[in-house]
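The values are calculated or read from the model by the stated rules, or taken from the named source; none is laboratory data. Nothing here was measured: the structure is a model prediction, and the numbers come from that model. Counting neighbours? That spans all protein chains shown, and the Cβs are built from the backbone with ideal geometry, glycine included. SASA here: full protein model, heavy atoms, side chains in, ligands and nucleic acids out. Shrake-Rupley method; radii C 1.70, N 1.55, O 1.52, S 1.80 Å.
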Amino acid sequence: MTYVAITFVFLLVLNVYCSAACQNLFYESKKSSMIEKCLLAADEISTLEVLNTSTVSAVMGQIESLKATRLLVTDQTGCTLYDSSTATAGSYALFPEILSALDGNDVCSWRYQNGIIDSRAATPVYYFGTIVGCVYMTDYDTTQGGLIQSLQRTILVITLLLEIIVAIFSIAFSNTFSRRLNRIMASMRIIREGDYSHKVNMGGSDELTCLGNEFNELTERLQTSEQKRSRFVSDASHELKTPLASIKLLTDSILQYDMDLETTREFVSDIGNEAERLNRMTEKLLCLTRAEGAGAQQEMEIIFMAPTVRRVARMLKSNALQAGITFDLQLAEDTSILILEDDLYQIVFNLMENGIKYNHAGGRLTIRLRREEDNAVLEVSDTGMGIPEEAIDHIFERFYRVDKARSRQTGGSGLGLAIVRSIVQRNRGTITVTSTLGKGTTFVVSFPAFDAEVDPV
Ligand code: ADP
């Protein structure tokens, strides 16, 4: 409606302007023709030595080209000497135009009403430079008046027609627009209620269609993240349930059966192990949540990777000794990246810990650090059991374990690689894995390299 109102005002202004311009055009042409006629008569009269009713009437009778409704000639006092319409000779005609003409002006005025142009003009009559009278002329023009009237009517009709067309189009357009917008809003309400599978079908190919497509993509993402969330919750509760169930079973056994001290000790120690496992799992879960969520709030810095790798190696040394694994560190000291130190530690720790856990006794764990063009590459390679081909695509999923029993034995939770992948992705890196069953596995993590300002220590 605002649009219709604006176009209405615009067309109205255009209408008034056109009407006024067209009236003006007629007035200008009328004015010059009337003044011309008056001047012609005044010229003829100015040749007379004596101005009186008969001399003026004689001259006026000779000028045939003067077609006017009324023609009037006065002397310098305004007394009528000749009047073409009524016998007013001898009386005073003190019209404003005549008074102005007797002051030496060529005057023309007009009035337009109901298709009639009523125009009046007057010019002075000079005799050797002195004003001796004036010629006054009136003209009622219905032909040109009618023309103006029909022109104005035509402009008005065009204006109204345009306005009607604009109104029809605006209403039709706004109806379609509102209907499509309502469709999106209805879909929003459905999705707000929790039905993320709902899709909005806009049709067409305009901006609203794009909006609909964007909206569908958004809901698809919502649906995916909702699915991930509920799967995570059910996986996590399932994983936490297992050690809890073991603890319950062990405590029930201790309470129900008469056991010797040795067996009771064994059971309590198992309870401790399960509690330890629960603790590790909740810690890893927290770590995963942190890896997937925040992290960005902390300031990242350019760090050399080699010292962190050495720190992890020191931490895992006793584990490696126990499992009979030897480390082989091949570290290019100048490999530096932009990352949080804790994040890099997590990545290296999880990969090396897996390299020990899933290795054979007497095996080897090789860690290489190198620059490859614009990337800093960390390679963790073991001589362990390897990963079956069909499992490779799943090892980065939360709680996925190739061999559940072995993983549980070694204290695995199935969260380590999920944490690694989250951190790597958050730091614009990539991680790949190649593995040969029975021979070993190699994880390759690559980050954009950043040159540190200080030399490696
Ligand atoms: P977990 O805590 O069980 O080790 P991860 O997420 O670290 O969990 O690893 C997921 C699974 O991938 C492991 O259970 C294991 O089966 C497999 N895996 C990970 N690293 C290796 C490796 N270096 N060699 C063989 N298998 C591995």
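Here are a few things to note about the model shown:
- Within segment 295-330, the set of residues being under 52 Å from the mean Cα position of the chain (by Cα) and in a loop (DSSP other than H, G, I, E, B) comprises GLY295, ALA296, GLN297, GLN298, GLU299, MET300.
- Count - residues of segment 301-327 that are more than 15 Å from the ligand (Cβ to nearest atom) and touching a residue at least 12 places away in the same chain (Cβ under 8 Å): 15
- Exclusive hit being among the aromatic types (Phe, Trp, Tyr), in contact with a Phe, Trp or Tyr (Cβ under 7 Å, 6 or more places away or on another chain) and in a helix (DSSP H, G or I), set TYR17, TYR27, TYR3: TYR27
- As a summary of the residue check, ILE148 satisfies the conditions (1) under 30 Å from ALA42 (Cα atoms); (2) part of a helix (DSSP H, G or I); (3) open to solvent by less than 30 Å² (accessible area, probe 1.4 Å) except for the one numbered (1).
- Residue that is surrounded by the fewest Cβ atoms within 10 Å (Cβ to Cβ) [pool: residues in segment 370-385 that are near the ligand (Cβ under 8 Å from one of its atoms) and modelled with pLDDT under 95]: MET385
- ASP270 being touching a Leu at 6+ places or on another chain (Cβ under 8 Å), of a type in the set (Asp, Glu), over 30 Å from ARG183 (Cβ atoms) and modelled with pLDDT of 85 or more: yes
Residue-wise test of (1) free of Cβ contacts under 8 Å to residues at least 40 places away in the same chain; (2) part of a loop (DSSP other than H, G, I, E, B); (3) of a type in the set (A, V, I, L, M, F, W, C).
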site: GLN23; (1), (2), (3): no, no, no
site: SER57; (1), (2), (3): yes, no, no
site: THR74; (1), (2), (3): no, no, no
site: THR77; (1), (2), (3): yes, yes, no
site: THR80; (1), (2), (3): yes, no, no
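- Screening GLU333 on (1) open to solvent by 20 Å² or more (accessible area, probe 1.4 Å); (2) closer than 16 Å to ARG311 by Cα; (3) of a type outside the set (A, V, I, L, M); (4) within 45 Å of the chain's Cα centre (by Cα) shows it passes everything except condition (4).
- Test: residue in segment 170-185 that is over 24 Å from the mean Cα position of the chain (by Cα) and on the phi < 0 side of the Ramachandran plot: yes
- Residue in segment 357-371 that is within 45 Å of the chain's Cα centre (by Cα), over 24 Å from LEU437 (Cα atoms) and among the charged types (D, E, K, R) present: yes
- Members of segment 328-359 found to be within 14 Å of the ligand (Cβ to nearest atom), farther than 18 Å from PHE450 by Cβ and not small (Gly, Ala, Ser), listed by number: GLN346, PHE349, ASN350, LEU351, MET352, GLU353, ASN354, ILE356, LYS357, TYR358, ASN359
- Of all positions in segment 413-434, none carries a residue that is assigned to a helix (DSSP H, G or I), within 11 Å of the ligand (Cβ to nearest atom) and exposed (fewer than 13 other Cβ atoms within 10 Å of the Cβ).
- One residue from VAL135, VAL125, VAL166 being surrounded by 15 or more Cβ atoms within 10 Å (Cβ to Cβ), in contact with a helix residue (DSSP H, G or I) (Cβ under 6 Å, 6 or more places away or on another chain), among the β-branched types (Val, Ile, Thr) and farther than 23 Å from LEU39 by Cβ: VAL166
- Within segment 226-281, being loosely packed, with under 12 Cβ neighbours inside 10 Å and outside any helix (DSSP H, G or I) holds for TYR257, ASP258, ASP260.
- Residue in segment 338-349 that is open to solvent by less than 10 Å² (accessible area, probe 1.4 Å), touching a strand residue (DSSP E or B) at 6+ places or on another chain (Cβ under 8 Å) and not in a helix (DSSP H, G or I) present: yes
- One residue from GLU292, GLU301, GLU266 being more than 30 Å from ALA332 (Cα to Cα) and among the charged types (D, E, K, R): GLU266
- Of the listed requirements (1) near the ligand (Cβ under 9 Å from one of its atoms); (2) part of a helix (DSSP H, G or I); (3) under 21 Å from ARG280 (Cβ atoms), ALA405 misses just one: (1).
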